[in-house]
Amino acid sequence: MNVRTICLAILYDGEATGYEIRKLSVEGEYSYFIDASFGSIYPALAKLEVDGLVTSRVEVQEGKPAKKIYAITQSGRTEFINSMFEKLGEDEFRSEFLLFLRFASELPASMVEQRLNERLAQVCTVLEDFDRMAKEHTHPGDAWVIKYGRTCMQAAHDYIRAHKGELIALARPDTGTAAAAE
């Protein structure tokens, strides 16, 4: 899947501005599906419009710049559904957190504990987001995806809580500075 597909997916549910599409795909509910950068969304929307898969209209706002609102066409709906038949790519998972943890034995114990606690707090925030989304989205497909995502994040939370002591024990004793670890 690509940025073009994520734009069609968002518009499948209703009209949206480029800003709203960007927000949903970069930091919102659709950010869990594919990586869509800010710089790739507007060119994708322009190409979708040229291809007749979306339309746009300009809405004038009092005291604000006009905004361009995109809507999916019937051809766009068909194209989106057809794209679901394509072979799915592998899930991508990259994590600076895991890289940090890989070298926990080279770092001060207090830093390792701090990073683990920071991650627990982040995971709790994501779990709260899933709970919020579960209340807002009642479509059976949405509900399944939200439960799946929440289950994965809950497992991460539970694993970190249950095993963080093991990683902290591998870390170096605190000496006051990072340079002292060398």
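Of the residues that sit in the stretch 70-99 and are closer than 25 Å to residue 46 by Cβ and either hydroxyl-bearing (Ser, Thr, Tyr) or in a loop (DSSP other than H, G, I, E, B) (or both), which one is most open to solvent (accessible area, probe 1.4 Å)? Per the criteria, the residue is 86.
The residue of the stretch 35-53 that is modelled with the lowest pLDDT, among those that are among the hydrophobic types (A, V, I, L, M, F, W, C) and closer than 17 Å to residue 19 by Cα, is 38. The single condition from (1) open to solvent by 40 Å² or more (accessible area, probe 1.4 Å); (2) assigned to a strand (DSSP E or B); (3) modelled with pLDDT of 95 or more that residue 67 fails is (3).
Mind checking which residues of the stretch 154-169 are surrounded by 14 or more Cβ atoms within 10 Å (Cβ to Cβ) and either modelled with pLDDT under 95 or closer than 16 Å to residue 118 by Cβ (or both)?
Passing the criteria: 156, 157, 160, 164, 167, 168.
Restricting attention to the stretch 127-153, the residues that are closer than 30 Å to residue 113 by Cβ and either more than 17 Å from the chain's Cα centre (by Cα) or surrounded by 15 or more Cβ atoms within 10 Å (Cβ to Cβ) (or both) total 6. Take the residues in the stretch 1-29 that are acidic (Asp, Glu) and part of a loop (DSSP other than H, G, I, E, B); name whichever of them is farthest from residue 76 (Cα to Cα). Out of the qualifying residues, it is 27. Only residues that are surrounded by fewer than 14 Cβ atoms within 10 Å (Cβ to Cβ) and not basic (Lys, Arg) were counted in the stretch 39-58, giving 7. All conditions but one from (1) open to solvent by less than 20 Å² (accessible area, probe 1.4 Å); (2) of a type outside the set (Ser, Thr, Tyr); (3) within 14 Å of residue 80 (Cβ to Cβ) apply to residue 36; the one that does not is (3).
Against the conditions (1) outside any strand (DSSP E or B); (2) open to solvent by 60 Å² or more (accessible area, probe 1.4 Å); (3) modelled with pLDDT of 95 or more, residue 112 satisfies every one except (2).
Using the structure shown, decide if residue 118 is assigned to a helix (DSSP H, G or I), acidic (Asp, Glu) and surrounded by 15 or more Cβ atoms within 10 Å (Cβ to Cβ). Here the answer is no, as residue 118 does not meet what is asked.
The values are calculated or read from the model by the stated rules, or taken from the named source; none is laboratory data. Because the structure is predicted, anything quoted here is derived from the model rather than measured. Heads up, the Cβs are rebuilt from the backbone with ideal geometry, glycines too, and the neighbour counts pull from every protein chain shown. Accessible surface areas use protein heavy atoms only, side chains included; no ligands, DNA or RNA. Shrake-Rupley method; radii C 1.70, N 1.55, O 1.52, S 1.80 Å.
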